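Derivation of every value follows stated rules applied to the coordinates shown; laboratory data play no part. Just so it is clear, the structure is predicted and the values come from calculations on it, not from any experiment. No Cβ is skipped: glycine too gets one built from the backbone with ideal geometry, and neighbour counts run over all protein chains shown.
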Amino acid sequence: MNKLIIKNLKHTYSDGQADVHVLKGVNATFESGKMYAIVGESGSGKTTLLSLIAALDNVQSGDIKYNDQSIKEIGEQKFRLKYSNIVFQSFNLIKYMTARENVEVALDFAGKPRTEAEQVLKSVGISKEEGGRLVQKLSGGQQQRVAIARAIASDTPIVVADEPTGNLDEDTEAKILGIFHDLATKKKKIVILVTHSKKVAGHAHAIVYKMRGGVLAK
Ligand SMILES: Nc1ncnc2c1ncn2[C@@H]1O[C@H](COP(=O)(O)OP(=O)(O)OP(=O)(O)O)[C@@H](O)[C@H]1O
Ligand SMILES: [Mg+2]
């Protein structure tokens, strides 16, 4: 079993005038094969935590460890490439490429055949015709699904997503939720979703954490 362990993680933003102490000692363990939902008020630090788990920002104090190795030991760049994939809406999608090409780039990095792109896109409900379109010619919700397809193609053991169903209708939300659940239970990944959606947090198999006062509580 793979484990992501967060120990006494603190994070402060300094804008020159005032310091904003956002994370004040987060402790949590995330295991492979399970899906986690992080909820909490706007501004409570959810995106900050995800950025650290995705190694998009440096750990200031405390530690994030994947199977006993800290992100620092693994190296931020390697961690981003091989360990952790983040899904934001249209995050990291290359707008002047087609949806399929975006997925192909991820498959290249993962050392998998490009021919898988169509199948991966289909699994998130993007048709062959849509897959051939430039990303900028897709709707917000479609772009979001392409971003999820990219994360699936990357095949990293950790998948984190910030409001991954924010722009989606209920049916599509349920479908995407099912995909994340499969990534956890069938592909044995660590899946962490930040969400305001009651449906996502209420998913029968999601383990819910709440961010409040700079710490995570169950
Ligand atoms: N780069 C930054 N510089 C300064 N302050 C920041 C920065 N990024 C975030 N903050 C502040 O840190 C706090 C936490 O922000 P964060 O984005 O993590 O919240 P969140 O829980 O994701 O909120 P939401 O639900 O609205 O997305 C907020 O008060 C925010 O204004
Ligand atoms: Mg946020």
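The table below lists the values:
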quantity	calculated
Hz values of 3J(HN,Hα) by residue in the stretch 34-48 - Karplus curve (6.51, -1.76, 1.60), Gly and Pro given as x	10, 10, 10, 10, 10, 10, x, 4, 4, x, 7, x, 5, 5, 4
Order of TYR96, TYR36 under a 10 Å beta carbon neighbour criterion, fewest first	TYR96, TYR36
Acute angle (nearest 10 degrees) that the helix 140-154 long axis makes with the longest principal axis of the chain, alpha-carbon atoms	80 degrees
Furthest towards positive pole of dipole, ILE86, SER127, ILE179, structure part the chain, Cβ charges	ILE179
Hypothetical label at GLN136: residues of the stretch 84-115 whose amide nitrogen lies under 11 Å (7 Å Cα-Cβ projection)	95-97
Helix 99-110 axis, angle to the chain major axis (alpha carbon atoms, nearest 10°)	60 degrees
Loop trypsin sites (Lys or Arg not before Pro), the stretch 59-99 (other Cβ atoms within 10 Å of the site Cβ: 11 or fewer; DSSP)	none
Order of LYS3, LYS112 under a 10 Å beta carbon neighbour criterion, fewest first	LYS3, LYS112
Relative contact order [Cα under 8 Å, 6+ residues apart], the chain, whole percent	31 percent
Cβ-placed point charges (K, R +1; D, E -1), dipole of the chain about Cα centre in debye, nearest 20	460 debye
Sites LYS95 and GLN69, calculated FRET efficiency, Cβ-Cβ separation with R0 25 Å, nearest 0.05	0.10
